[in-house]
Amino acid sequence: MPERTESFVVEQSRPSERLDSFLRARFPEISRGTLQRLIEQGHIRVDGQLVKSTHKPRAGEVVSLTWPEAQPAEAQPEDIALQILFEDKDLLLLNKAPGIVVHPAAGHAGGTLVNALLHHCAGKLSGIGGVARPGIVHRLDRDTSGCLVVAKNDKAHLKLAEQFAGRDVLKIYDAILCGELRPLRGDIRAPIARHTIQRKRMAVVDGGRAARTSYEVVERLRGATLIAAQLHTGRTHQIRVHFQHLGFPLVGDDTYGKKQNARLKEATGYSAVRQMLHARELAFSHPRTGKPMKFVAPWPEDLESAVTALRAAKEK
């Protein structure tokens, strides 16, 4: 995308807040590190002057942001099959396959969804996510399947990100849990933060970020429960952590439920190769037209097989 400039007036002084944190709240789709780099490089100015990330925003100041032209992506285009649910000039709706990483990272330089998007879209992706994450508005874990929206331009990216940040996006997931979850419906409100010891895991932690998941039991299986869950917030590993917190981790989730999955295998003979979590439904307003849009992603074969196997085990 070509270089683009925008500006706004600070409405209220923020004597206890840094400029980078202030901007992070206004542009939640952009990382704090990226904002700090833009400030250091002079792409973000206050009243036309160079400032530091530690600057305290004051009422009446004009903050100007120049979004630099997107640089050629470091990731290379790869011809990887995509299951496309919808596509127009602004966005792309995918049914993400389980096992595919969304964007390049340590240990996953290639074979990612970004590599596939660079090939399919021929470079027509938003640049806001940076060279590592072109077009990526939100993400799913590697082993989570289902609905994922991609932005083809910066305007669409910003509008979609506003909806995600404002919790105006409907997100429904299907999941299989270890054990017989009761009651039939529930609303989980438990704050989530990085685990204090195991830093690659998340956990329910007092003082963590507010997180809410509601659910409804769909079917009782042998030693397991099929549920539909609605994400009201979007914390890392939220569904996995919330149900582990209740004592019913996801089937196939060795990170948060190794013992429970071992017991399920002993009781039924079934063992899943990934967490049984699928982003079934995504609804939002089109970033250009404002038209309500709703998408439903069909189940992948392994989720169908899991339900069939645990249903059959219950009938024995």
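Derivation of every value follows stated rules applied to the coordinates shown; laboratory data play no part. Note that the structure is predicted; figures quoted are calculated from it, not measured. In this analysis, Cβ positions are derived from the backbone assuming ideal geometry, glycine residues included, and neighbour counts consider all displayed protein chains.
Scaled to the globular estimate 2.2 N^0.38 Å, the Cα spread of the stretch 84-163, given as radius of gyration, is 0.99. Taking the longest Cα principal axis of the chain as reference, the axis of helix 154-165 is set at about 50 degrees.
Looking at the chain as a GNM with Cα springs under 10 Å, which of 50, 264, 226 has the largest mean-square fluctuation? Result: 50 has the largest fluctuation of those listed. Pairs from the table (171/291; 155/200; 258/294) lying more than 24 angstrom apart at Cα are 155/200; 258/294. Relative to its residue count, the stretch 4-67 spans a Cα convex hull of 72 Å³ per residue.
Measure nothing fancy, just the Cα-based angle from helix 254-268's long axis to the longest principal axis of the chain, in degrees from 0 to 90, nearest 10. Approximately 20 degrees, to the nearest 10. Other residues within the sphere of radius under 10 Å centred on the Cβ of residue 59, judged by their own Cβ, net out at 0 (K and R +1, D and E -1).
Rounded to two decimals, the Cα radius of gyration of the chain over 2.2 N^0.38 Å is 1.09.
Taking the helices alone, the chain has a mean residue ellipticity at 222 nm of -7500 deg cm²/dmol, built from -39,500 (n - 2.57) per DSSP H run of at least 4 residues and averaged over all its residues. Taking a ≥ b ≥ c as the square roots of the eigenvalues of the Cα gyration tensor, the stretch 184-260 is classed as oblate, since a/c reaches at least 1.5 and a/b does not exceed b/c. Strictly greater than 25 Å: what percent of every Cα pair in the stretch 114-270 meets that? Cα-Cα pairs in the stretch 114-270 separated by more than 25 Å: 40 percent.
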